[in-house]
Amino acid sequence: MAKIENTPENAGPTRVQRILTAMIVGVIGTAIASIAVLIASAAFGWKGLFAIFGPLASIGMLAGMLLMIALFIVSVIEKARQNRSNQ
């Protein structure tokens with residue numbers, strides 16, 4: 001199979017970008033699911049779930065935001081590297 005040259009026209013996301021994206025989806029998805037559990041527990045009067053799902057939701061959203069910042073930084077560095085190689 002021929003190796004495809006990584007030019008700006010056909011440049012796709014790098015492996016690091018794909019991994020970070022999957023991590024973002026997983027972490028934020030888990031945080032949203034835990035928020036849904038907290039809302040359901042408040043609606044049905046279940047006690048004791050806040051101790052588990054409260055910190056999970058807040059830490060998950062914070063970790064998701066930090067991962068998004070990391071993805072942005074990686075994307076900027078990769079784009080700068082591509083621009084340097086094309087000059």
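The values are calculated or read from the model by the stated rules, or taken from the named source; none is laboratory data. Since this is a predicted model, take the numbers as computed values, not measurements. Note that we place each Cβ from the backbone using ideal geometry, even for glycine, and neighbour counts take in every protein chain shown.
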Provide a single number: the residues in region 30-59 that are at pLDDT 95 or above and not in a helix (DSSP H, G or I). 0
Single condition residue 85 does not satisfy, out of (1) farther than 28 Å from residue 13 by Cα; (2) hydroxyl-bearing (Ser, Thr, Tyr); (3) surrounded by fewer than 15 Cβ atoms within 10 Å (Cβ to Cβ): (1)
Could you check region 16-51 and list, in sequence order, the residues that are surrounded by 13 or more Cβ atoms within 10 Å (Cβ to Cβ), more than 16 Å from the chain's Cα centre (by Cα) and of a type outside the set (Gly, Ala, Ser)? 35, 37, 38, 49, 50
Look at residue 27 and say whether it is touching a residue at least 60 places away in the same chain (Cβ under 8 Å), in contact with a Leu (Cβ under 9 Å, 6 or more places away or on another chain) and assigned to a helix (DSSP H, G or I). no
Of (1) free of Cβ contacts under 8 Å to residues at least 24 places away in the same chain; (2) in a loop (DSSP other than H, G, I, E, B), residue 69 satisfies all except one. Which? (2)
Within region 52-75, restricting attention to residues that are under 30 Å from residue 16 (Cβ atoms) and among the β-branched types (Val, Ile, Thr), which residue is nearest to the chain's Cα centre (by Cα)? 69
